[in-house]
Structure formats: structure tokens, C-alpha cells
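Below you will find the structure I want to go over with you.
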Amino acid sequence: MLLSLLLLTGCSDYQWGWYVLDPTTAQGQINLKFLVTGFSETIQVSLLSMLLAMLIGLFVSLLALAKSRALQWVNRIYVEVIRSIPVLVLLLWVYYGMPTLMDISLNHFWAGVIALTIAESAFMAEVFRGGIQAISKGQHEAAESLGLGPWKKMRLVILPQAFRQILPPLGNQFVYILKMSSLVSVIGLSDLTRRANELVVNEYLPLEIYTFLVLEYLILILVVSQAVRWLEKRIAIPSH
């Protein structure tokens, strides 16, 4: 993508206005600071949504593993319904609909967290379900032979092993949330995308500003990806 951008820069007659983000000028410094401070909101809403989605997803995944057919159906209905709703539609419904139905006050940040959490929890449920089912039957039998009940067996034996299995998918889902968090800008959260939109309105240089926005997300995703790879190596299961 960056190579294509450089080629287009050389072939086009477009007069680039990079002065708007020139760090050597006072106005450029102000604009850069305005854009970069959006990292805080983006990271906060994404991280909190991921943690909550993991908790809800784990609970929903356990329903799929229950012996009760009713609980299995609850899992299936929840996962299929939530995965069928576009994230933007869910975000708008939470922000505009939930306060009306529940008579509560909901700000931009928490509306974004709730919507992203609900949307991601269905995917988390499937990730956890796959990881737990990947643990061999012998591990379950070994835990039961030690006298561990269902919850202790899951907490002490199965989940620690399952977590190692699902770490790569969890990393992918966090990257997904980081990218989807840009949608929260439509309800007014002052994240990276919202700040870029506001600066475009003031400076009338969308190409330069949105190019910088692409680089911001690129750096953020690369940092997260590297952190996930490092964590994978730290907790990797030793080969025999």
C-alpha cells in the first residue's frame, strides 16, 4: 500500500499539502498533537471491550459445552444473532436505542464499549469453545481422577491449556476490535478517526490527513501484533 502511495505521489499532478502536518511549524505541531491524542480513546475503548467480550464469550462458550440441550440452544441463538448484526448498526442501536428503552444516560465512550463488547463476545464464544474442545479427553479424565469438580477442573486444568491454544485467535480478534473501534467516531467519540474527520473539516486536506490516519492505525496494529507474537513465544508449549 505504501509503495502504491509513493508511486501515485510521483505520477499525479496533485499538489500535496503536507505543511498541515509539518512538525517544524507551530500549526503543524498543533495538528499532529490533536491527531495523536486520539490514541488514548482508541486504545481504551478497544482494550476494555476486548476484556469484557472475553468474559462474556467464555460464559457463552460454556453454555455450548453444557449437557443441557436448552443451554446449547441459548449459545447457538446468541452467537448466530449477534454475528448477523453489522457492528455499525449495533453501535447506533446501543447509542440511540438503549437510553430510550432503559431510561438511562449513555455517553459516547460507554456506548462504544457496550456495542463492541456485544459484537465481539459472539466471536469470543466460538474461539473459547474451539480451544476448550481441542483439549484431549485424557486431560479431563486426569483432572477428574484427582477429585476436581467441574468448575475447578475447568479453571485449573482445562482453561490454562485452552488459553495457549487460542492466543493467536485472541490476538487476531483484538486487532479486529482496534479496527472496528473506528466506527465509534460516528457517535462522537474523539478517537483517531473522529479527530482526523474534524481536522479535515478545518484544513480541507483530506488526502494528507487520512494518509496520516492510515499510518497511525498501521503503527498501532503492528505494535499489537508484535506483542501477541512475543506473548506466544513466552507461553509456548514446549515440544517433545
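For A125, state whether it is free of Cβ contacts under 8 Å to residues at least 60 places away in the same chain and in a helix (DSSP H, G or I).
It is false that A125 is free of Cβ contacts under 8 Å to residues at least 60 places away in the same chain and in a helix (DSSP H, G or I).
Across segment 170-228, which residue is surrounded by the fewest Cβ atoms within 10 Å (Cβ to Cβ) among those that are closer than 30 Å to G130 by Cβ and hydroxyl-bearing (S, T, Y)?
Out of the qualifying residues, it is S225.
Consider L178 carefully, then state whether it is in contact (Cβ under 8 Å) with a residue 24 or more places away in the chain and either in contact with a strand residue (DSSP E or B) (Cβ under 7 Å, 6 or more places away or on another chain) or closer than 24 Å to I118 by Cβ (or both).
Yes, satisfied.
Still on this structure: Examine segment 184-205 for a residue that is among the small types (G, A, S) and outside any helix (DSSP H, G or I), and state whether such a residue exists.
Checked against the condition, which is being among the small types (G, A, S) and outside any helix (DSSP H, G or I), segment 184-205 yields at least one hit.
Under 6 Å between Cβ atoms, which residue pairs at least 6 apart in sequence (or on different chains) link something in segment 145-161 that is on the phi < 0 side of the Ramachandran plot and modelled with pLDDT of 80 or more with a partner that is surrounded by 12 or more Cβ atoms within 10 Å (Cβ to Cβ) and assigned to a loop (DSSP other than H, G, I, E, B)?
Filtered contacts from segment 145-161: I158/I135; Q161/I135.
Further question on the same structure: Going through L52, L48, L35, L62 one at a time, which residue ends up being of a type in the set (A, V, I, L, M), under 22 Å from the mean Cα position of the chain (by Cα), surrounded by 15 or more Cβ atoms within 10 Å (Cβ to Cβ) and at pLDDT below 95?
On inspection, the qualifying residue turns out to be L62.
Looking at G131, G112, G38, G97, which is the one that is touching a Pro at 6+ places or on another chain (Cβ under 9 Å) and of a type outside the set (A, V, I, L, M)?
One residue alone meets the criteria, G131.
Being within 30 Å of A162 (Cβ to Cβ) and free of Cβ contacts under 8 Å to residues at least 12 places away in the same chain: is that true of L52 here?
So L52 fails the test.
Sticking with this structure for a sec: Which numbered condition in (1) assigned to a helix (DSSP H, G or I); (2) surrounded by 13 or more Cβ atoms within 10 Å (Cβ to Cβ) is the only one that L148 fails?
Of (1) assigned to a helix (DSSP H, G or I); (2) surrounded by 13 or more Cβ atoms within 10 Å (Cβ to Cβ), only one is false for L148: (1).
Quick check on my filter: what residues within segment 43-73 are charged (D, E, K, R) and in a helix (DSSP H, G or I)?
Residue satisfying the conditions is R69 alone.
Check whether at least one residue in segment 76-97 is loosely packed, with under 12 Cβ neighbours inside 10 Å and under 24 Å from G171 (Cβ atoms), and report yes or no.
Yes, the conditions are met somewhere in segment 76-97.
The values are calculated or read from the model by the stated rules, or taken from the named source; none is laboratory data. Everything numeric in this text was worked out from a predicted model, so none of it was measured. All Cβ positions, glycine included, derive from the backbone under ideal geometry; neighbour counts span all protein chains shown.
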